[in-house]
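Q: One structure follows; several queries about it will come next.
The values are calculated or read from the model by the stated rules, or taken from the named source; none is laboratory data. Keep in mind the model is a prediction, meaning the values are calculated, not measured. Cβ sites come from the backbone with ideal geometry, for glycine too, and all protein chains shown count toward neighbours. What goes into the accessible areas is simple: the full protein's heavy atoms, side chains included, and nothing from ligands, DNA or RNA. Shrake-Rupley method; radii C 1.70, N 1.55, O 1.52, S 1.80 Å.
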Amino acid sequence: MTAAVTLDVELGLKTAGAGAAVFKPLSAGGFTQADRDIEQLLEGVAAEQQSKLDRKTDSYGFEWVIVRDPDLEDQVTAVHAVASELEARGFGAQLLAAAFRFDGDGGERPVYWIYGFKTGTWWPFVPSGTKQERDNARELELKAKLERELPVEPDLSKWLGLFDAPI
């Protein structure tokens, strides 16, 4: 995970101890069964990695499976396990993104690295602190620092901002 080293050493960004898989739930019966299975999977992942797991629904109706763990690799592993379970059950189209929060960007603002399941790419998201605005200059700086280590989304119009993220 060379990107994690770059985030920490070169950029001074430390994991905030939270990552999440974000998906759009369905009301279909099959999804309800998958949801029960995911709950069991989460319990198993949490026990195995000693992570704390939480679920929240945001104002847009998206479900967040939140992994709280001080270790970034454990966060990534747990989020990947949730996404894989949804895909295996035929709900891959419901996956929106994975999001990982970092602190240390001057202390006042979080920095998020977001993975888009549909594009298979990453992008930075830095809310400016003002409602629904982002720090585009900082995001482009982060892109430039990590695009050699991560598949960064080249189309900036696809850089979804996850405002009011519960992580």
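Q: Name every residue in the range 55-72 that is within 10 Å of Gly19 (Cβ to Cβ) and open to solvent by 60 Å² or more (accessible area, probe 1.4 Å), in order of residue number.
A: Residue satisfying the conditions is Arg68 alone.
Q: Which residue pairs have Cβ atoms closer than 8 Å, lie 6 or more positions apart in sequence or on different chains, and pair a first residue in the range 84-96 that is more than 20 Å from Gly61 (Cβ to Cβ) with a second residue that is surrounded by 14 or more Cβ atoms within 10 Å (Cβ to Cβ) and at pLDDT 85 or above?
A: Glu87/Leu95
Q: Of the residues that sit in the range 120-132 and are part of a loop (DSSP other than H, G, I, E, B) and not polar (S, T, N, Q), which one is modelled with the lowest pLDDT?
A: Going residue by residue through the range 120-132, those that are part of a loop (DSSP other than H, G, I, E, B) are 120, 126, 128-132.
From the residues that got through so far, the ones that are not polar (S, T, N, Q) too are 120, 126, 129, 131.
Numbers: Gly120: 96, Val126: 94, Gly129: 74, Lys131: 78.
Among those residues, the one meeting the criterion is Gly129.
Q: Let me ask something else about it. Do we find that Ile114 is modelled with pLDDT of 95 or more and either under 20 Å from Thr57 (Cβ atoms) or part of a loop (DSSP other than H, G, I, E, B) (or both) in this structure?
A: Working: modelled with pLDDT of 95 or more: yes; either under 20 Å from Thr57 (Cβ atoms) or part of a loop (DSSP other than H, G, I, E, B) (or both): yes.
Yes: the conditions hold for Ile114.
Q: Considering only the range 85-132, state which residues are crowded, with 17+ Cβ neighbours inside 10 Å and among the polar types (S, T, N, Q).
A: Gln94, Thr121
Q: Here is a further query. Name, by its number, the condition in (1) under 15 Å from Ala18 (Cα atoms); (2) surrounded by fewer than 17 Cβ atoms within 10 Å (Cβ to Cβ); (3) not charged (D, E, K, R) that does not hold for Val82.
A: Exception for Val82: condition (2).
Q: Any residue in the range 9-20 that is over 16 Å from Leu146 (Cα atoms) and hydrophobic (A, V, I, L, M, F, W, C) sitting within a Cβ distance under 7 Å of a residue that is assigned to a strand (DSSP E or B) and open to solvent by 40 Å² or more (accessible area, probe 1.4 Å)? List the pairs, counting only those 6 or more apart or interchain.
A: Close Cβ pairs (under 7 Å, with a partner that is assigned to a strand (DSSP E or B) and open to solvent by 40 Å² or more (accessible area, probe 1.4 Å)) amount to Ala16/Arg101; Ala16/Asp103; Ala18/Arg68; Ala18/Arg101.
Q: Any residue in the range 52-64 that is closer than 15 Å to Ala97 by Cβ and without any contact (Cβ under 8 Å) to a residue 40 or more places away in the chain sitting within a Cβ distance under 8 Å of a residue that is open to solvent by 60 Å² or more (accessible area, probe 1.4 Å) and assigned to a loop (DSSP other than H, G, I, E, B)? List the pairs, counting only those 6 or more apart or interchain.
A: Correct list of pairs: Gly61/Lys24.
Q: Please specify each residue of the range 133-167 satisfying the condition of being open to solvent by 40 Å² or more (accessible area, probe 1.4 Å), under 28 Å from Gly92 (Cα atoms) and assigned to a loop (DSSP other than H, G, I, E, B).
A: Glu147, Arg148, Glu149, Pro151, Pro154, Asp155, Leu160, Phe163, Asp164
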